[in-house]
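This report concerns only the one structure given below.
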Amino acid sequence: MAYQQSRGGFRPRTNSGDGRSGGSRPSFGGGNGGGRPSFNRGRSGGSRGPVKKFIHPSKFINQATPKAEEVAYVPVNKFIDFPFGSQLHHNIAKKGYELPSSIQDQAIPHIIEGKDVIGIANTGTGKTAAFLLPIIERQTGISLRPSVLIIAPTRELAQQIDEQFREFSYGLNLYSALVVGGMPADRQIRDLRRRPHFIIGTPGRLKDLMNRRHINLENINTLVLDEADRMLDMGFLPDIRAIVSEMPSERQTLLFSATITPEITTIINNFSHDPVTVSVRTRETNEHIEQDVIEARDKAHKLELLTDMLRDTDQYDKVLVFGETKFGVQRLSDHLDNSGISSIAIHGNKNQSQRARALKRFKDGQVRVMVATDVAARGLDIPNVSHVINFDTPQTYDDYIHRIGRTGRGGASGRAHTFIESRR
Ligand code: AMP
């Protein structure tokens, strides 16, 4: 059996060294090159979802022992060096930020200068403040509005950006409208009528309200495309093109992406002008996240193992479990609840307020286990996740990296377990 009982409870069997690719694996640059495995996305035609080509997990899971020491990034700038007004400096201090993160340190001076910037960075690096702070400074007192458009792939990410916007812009008389799907448009339309400075939203709803003439982009002077790679993955390129075509070409464009693929390069060439690229190498996941595979005979066995694990409340303190489909995620969460393990599910079949409520309960520690689909969990900033469990194997290596990156954030170490069903 791959999963063994040990003194302290259950302990996953570690994968043997065979076939694992040594060294650190870069998470950005170069596209899908090297020995990256990919799953076959062909459809079976039935209701069982995509057919995956079997790939031995050792190919995409780097066994890793977290390194004890971490070399801290030493910023060149202090926040006070940035030419922001006193209220903005006050708001930064109130958030408890002492030193700029590396993306902030490197991108903010270029953004202040008015340059287009490509930020190669993922969630957890402080990229939100890297773009919000200099933009907020610039928009103070601007009368031609809305002047800033921020586009993000998911409602949750847009909401997180809006929350940070509100904190940083406190006392500055700047306003935003959050324009996302999954909730009634009436209130968003009302917010838009008030001519906010910032519009923060997801591509589908933005385009919808633009077509219905509730959004006028002719005064936009700054465009932010956040998690551009994810937006392309999710098929938002046509919507983004339609939106961008309605705004002045004379503008500042900031694009953030965890990876640079040929498609992203095309977007960069189309949408930005002479950009500066700032690449932030976060700690590579395999250096601070302990990763294991857990072999199971079949689905029932996976459920049994997962339930056993989650009963160990000391170790499995705050656990994010990934499933493949909306229905699978809901079923898994129901199964856990029926087994006496309280959990919440977050997936696309839940409406916005249900998702927000579920997320808050998990963030606040009221519930220990959250079961999610990839899309629902994308970009979420959840502190202190102790374990990521891939109940269903991820479709691609990038999904794997995104999933396990939910743990081990902000200097903590984390653990990731990936279930695989043994082949017969
Ligand atoms: P982000 O990558 O923008 O999603 O940010 C990840 C988390 O880091 C958020 O909770 C931020 O509030 C936090 N954060 C961002 N910049 C700093 C900083 N300079 N100092 C401390 N925390 C920060």
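The values are calculated or read from the model by the stated rules, or taken from the named source; none is laboratory data. These numbers come from a predicted model, not from an experiment. So basically every Cβ, Gly included, is an ideal-geometry build from the backbone, and we count neighbours across all protein chains shown. We work out accessible area using only protein heavy atoms, side chains counted, and drop any ligands, DNA or RNA first. Shrake-Rupley method; radii C 1.70, N 1.55, O 1.52, S 1.80 Å.
Take the Cβ atoms of Thr277 and Ile382, set R0 to 22 Å, and the FRET efficiency comes out at 0.15.
Just to confirm, what accessible area per residue do you get for segment 305-398 at 1.4 Å probe, in whole Å²? Please list the in-between numbers first.
Values: 3580 Å² over 94 residues.
The answer is 38 Å² per residue.
Between Glu218 and Asp308, the FRET efficiency from the beta-carbon distance, with R0 = 45 Å, is close to 0.15. Taking 27 Å as the limit for the C-alpha separation, the pairs Lys115/Lys360; Lys127/Lys318; Lys115/Lys363; Lys95/Lys326; Lys78/Lys115; Lys127/Lys360 exceed it in the case of Lys115/Lys360; Lys115/Lys363; Lys95/Lys326. A straight chain from Ser86 to Asn351 at 0.36 nm per residue would run longer than the Cα-Cα distance by 91.5 nm. A straight chain from Val367 to Glu98 at 0.36 nm per residue would run longer than the Cα-Cα distance by 93.8 nm. FRET efficiency for the pair Asn269 and Arg194, taken as 1/(1 + (r/R0)^6) with r the Cβ-Cβ distance and R0 = 60 Å, rounds to 0.95.
For Asn390, the residues whose modelled amide H falls within less than 5 Å of its own, excluding neighbours fewer than 5 places apart on the same chain, are Phe322, His417, Thr418, Phe419.
In whole percent, and with a 1.4 Å probe on the protein chains, what portion of the accessible area of segment 79-279 is carbon and sulfur? Kindly include the intermediate steps, with their values, before the conclusion.
Details: 3940 of 8260 Å².
For segment 79-279, the apolar C and S fraction of the accessible surface comes to 48 percent.
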